[in-house]
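Some notes on the structure that comes next.
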């Protein structure tokens, strides 16, 4: 009876460890979903600011921004077509059809410490649902905060709007900030902004998606290759002269 070779044992140990890590990751994500009521992702945002030379090279010439007569008549024709060719019922039906095709709104909340919280909502849900979730996950929920979009910086004040009406579909990026008087926000600005339990989810979902149970490769059988090769090699045949052939 042949025993497993050291490489085979090492491979089996690695597979077992990967499966254990994968199950632990799934259990942690499931527990967070049950606690917060939603699947959430946490990851770090890498921001890169373009250099001044890059900005200057990408600038358009001045005549690019000139409003020509052709632009005017094209816009006018579009407005007239929408006004006279489509009735109110047709426009409402088209809007309802567009809305029905969108089934989710992926909202990413970026914090001052470059961490991002990603949550998926239904487009018909209110922005207040996002605010309620932030109260559960931020490190200091007792402090007043706000969310805003940029550029330009615009604070989201009407939380009764749904994500579709707010233009946050199929996804949007909003920014988090504590709403404190100047001079009293030193401790809040330094962070951390998310609870330790939420920060422990950082990168877990991506790791769970990438982790696949490795299948053990068939182990090579030592000495079998040469034997098979020898068996497949045709045997040499002796040359037999026919009896009728006389030299």
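Within the range 136-154, the set of residues being loosely packed, with under 13 Cβ neighbours inside 10 Å and more than 23 Å from the chain's Cα centre (by Cα) comprises 141, 142, 144, 152, 153, 154.
Where helices (runs of 4 or more DSSP H) sit wholly within the range 18-129, those with at least 1 residues that are at pLDDT below 75 occupy 52-58, 69-85. The set of residues from the range 97-118 being in contact with a strand residue (DSSP E or B) (Cβ under 8 Å, 6 or more places away or on another chain) and farther than 17 Å from residue 200 by Cβ comprises 104, 105, 106, 107, 108, 109, 110, 112, 114. Residues in the range 150-167 that are over 12 Å from residue 99 (Cβ atoms) and not in a loop (DSSP other than H, G, I, E, B): 154, 155. Listed by first and then second residue, the pairs linking a residue in the range 92-116 that is more than 30 Å from residue 194 (Cβ to Cβ) to a residue that is in a helix (DSSP H, G or I) and at pLDDT below 90, with Cβ atoms under 6 Å apart and 6 or more places separating them unless they lie on different chains, form an empty list. Across the range 160-170, the number of residues qualifying as loosely packed, with under 15 Cβ neighbours inside 10 Å and at pLDDT below 95 comes to 2.
The C-beta contact set for the range 29-42 (first residue touching a residue at least 24 places away in the same chain (Cβ under 8 Å), second residue in a loop (DSSP other than H, G, I, E, B) and surrounded by 13 or more Cβ atoms within 10 Å (Cβ to Cβ), distance under 6 angstrom, 6+ apart or interchain) comprises 32/201; 42/201. If you filter the range 178-196 down to residues that are touching a helix residue (DSSP H, G or I) at 6+ places or on another chain (Cβ under 8 Å) and at pLDDT below 90, you find that the one that is farthest from residue 41 (Cα to Cα) is 180. For residue 143, the conditions (1) part of a helix (DSSP H, G or I); (2) in contact with a strand residue (DSSP E or B) (Cβ under 7 Å, 6 or more places away or on another chain); (3) more than 14 Å from residue 40 (Cβ to Cβ) are fulfilled apart from (1).
The values are calculated or read from the model by the stated rules, or taken from the named source; none is laboratory data. Model, not experiment: these values are computed from the prediction. In this analysis, Cβ positions are derived from the backbone assuming ideal geometry, glycine residues included, and neighbour counts consider all displayed protein chains.
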